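Chemist: There's a structure below that I have some questions on.
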Amino acid sequence: MSNVTIVTGGSRGIGAATARLCGEHGHAVCVAYRSEAELANTVVADIEKTGGKAIAVQADTAVEADIMRMFDTAAESLGPITGLVNNAGIHGPRGRLEALGAGDIAEVLQVNVAGYFLCAREAVRRMSTKHGGTGGAIVNISSGSANIGSAGEGILYAASKGAVNSLTIGLAQEVAAEGIRVNTVSPGLTFPGMPPQDKVDEIAPKLPMGRAGRPEEIAEAICWLLSDKASYTSAANVRVGGGRP
């Protein structure tokens with residue numbers, strides 16, 4: 001049976017690099033995107049150029065109906081789902097907590113937490129042997145900020161990623177006997193990615209390796225966790241942060 005993997009936020013950055021690498025490893029890939037159709041289609045074309053199979057599907061992971069449509073479309077076009085990379089996320093406003101509005105908080109938590117829960121729910125419903133599936137793997141993309149806290153810059157984002165870490169720990173135990181492995185990858189500073197150029201220029205030289213990571217380096221960890229080489233790995237949190245704890 002071939003691997004069929006959904007990558008949310010797959011049009012750029014870590015998501016795009018992961019989708020391409022999954023394609024190289026023989027996965028049929030659903031490149032999910034919210035608004036950047038041209039970029040998503042470019043990722044699909046790159047996968048197809050190397051003989052792989054991929055589709056681009058528009059889906060806002062803050063919307064339950066979009067998530068369900070995304071899973072249905074992927075399954076109808078590519079086959080039974082065997083993998084999910086929960087990657088779509090937003091940072092929200094940068095600054096101190098007292099500047100946050102209720103709408104800012106709700107939006108970040110809807111995408112970064114509720115969206116991950118709903119995507120994971122749909123993956124479990126399709127992959128679990130309890131529901132007639134054949135098993136699979138879920139990789140949740142977190143961040144080192146969950147442990148650092150991101151004071152003065154992004155406490156809300158950090159807290160949302162702390163929730164992702166807890167989701168992994170709990171869900172991994174719920175579905176381990178049903179053929180599903182659930183793990184986290186926690187990237188460090190990555191470029192191109194979420195941080196603006198000035199932040200990268202400020203932080204990168206201070207890291208133990210003296211540079212930002214590349215999306216392709218994060219993708220390697222994700223694809224390993226999706227693979228059978230990680231067959232006894234579940235509830236893990238793999239830090240890919242250039243030496244920064």
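The values are calculated or read from the model by the stated rules, or taken from the named source; none is laboratory data. Keep in mind that what you see is a predicted model, and the values were worked out from it rather than measured. For neighbour counting, all protein chains shown are included, and Cβ atoms are generated from backbone atoms with ideal geometry for every residue, glycine included.
Chemist: Does the range 106-120 contain any residue that is of a type outside the set (A, V, I, L, M, F, W, C), surrounded by fewer than 17 Cβ atoms within 10 Å (Cβ to Cβ) and within 18 Å of the chain's Cα centre (by Cα)?
Modeler: yes
Chemist: For the condition in contact with a Gly (Cβ under 6 Å, 6 or more places away or on another chain), surrounded by fewer than 14 Cβ atoms within 10 Å (Cβ to Cβ) and of a type outside the set (Lys, Arg), what is the one hit in PRO245, PRO215, PRO196, PRO208?
Modeler: Checking each option against the conditions leaves just PRO208.
Chemist: Within the range 221-242, which residues are crowded, with 16+ Cβ neighbours inside 10 Å and assigned to a helix (DSSP H, G or I)?
Modeler: ALA221, ILE222, CYS223, TRP224, LEU225, LEU226, ALA230
Chemist: OK, next. Only residues in the range 141-161 that are without any contact (Cβ under 8 Å) to a residue 24 or more places away in the chain count as the first member; pair them with residues that are of a type outside the set (Val, Ile, Thr) and outside any helix (DSSP H, G or I), Cβ under 7 angstrom, at least 6 apart or cross-chain, and list the lot.
Modeler: Here the result reads SER145/GLY154; ALA158/GLY149; ALA158/SER150, each pair linking the range 141-161 to a residue that is of a type outside the set (Val, Ile, Thr) and outside any helix (DSSP H, G or I).
Chemist: Right, next: Can you run down the residue pairs with Cβ atoms below 7 Å, 6 or more apart or on separate chains, where the first is in the range 107-120 and under 16 Å from MET70 (Cα atoms) and the partner is at pLDDT 95 or above and of a type in the set (Asp, Glu)?
Modeler: LEU118/GLU64
Chemist: I need the full set of residues from the range 208-228 which are charged (D, E, K, R) and either closer than 23 Å to THR82 by Cα or within 12 Å of the chain's Cα centre (by Cα) (or both), in order please.
Modeler: GLU216, GLU217, GLU220, ASP228
Chemist: Please work out which one of (1) within 12 Å of the chain's Cα centre (by Cα); (2) among the β-branched types (Val, Ile, Thr); (3) assigned to a strand (DSSP E or B) is the condition THR18 fails and give its number.
Modeler: Against the list (1) within 12 Å of the chain's Cα centre (by Cα); (2) among the β-branched types (Val, Ile, Thr); (3) assigned to a strand (DSSP E or B), THR18 comes up short only on (3).
Chemist: Next up: Can you find even one residue in the range 78-93 that is surrounded by fewer than 21 Cβ atoms within 10 Å (Cβ to Cβ), more than 20 Å from the chain's Cα centre (by Cα) and over 21 Å from ARG12 (Cα atoms)?
Modeler: Yes, there is a match, as at least one residue in the range 78-93 is surrounded by fewer than 21 Cβ atoms within 10 Å (Cβ to Cβ), more than 20 Å from the chain's Cα centre (by Cα) and over 21 Å from ARG12 (Cα atoms).
Chemist: Any residue that is farther than 17 Å from GLU216 by Cβ, touching a strand residue (DSSP E or B) at 6+ places or on another chain (Cβ under 6 Å) and at pLDDT 95 or above - is there at least one of those in the range 87-98? So that I can check it myself, show each step before the final result.
Modeler: We begin by selecting, within the range 87-98, every residue farther than 17 Å from GLU216 by Cβ; these are 88-98.
Applying the additional criterion that residues be touching a strand residue (DSSP E or B) at 6+ places or on another chain (Cβ under 6 Å) yields none.
For the range 87-98, residues farther than 17 Å from GLU216 by Cβ, touching a strand residue (DSSP E or B) at 6+ places or on another chain (Cβ under 6 Å) and at pLDDT 95 or above: absent.
Chemist: Hey, could you check the range 27-44 for residues that are in a loop (DSSP other than H, G, I, E, B) and out of contact with any Ser or Thr (no Cβ under 7 Å at 6 or more places or on another chain) and say which is surrounded by the most Cβ atoms within 10 Å (Cβ to Cβ)?
Modeler: Applying the filter and picking the extreme gives ARG34.
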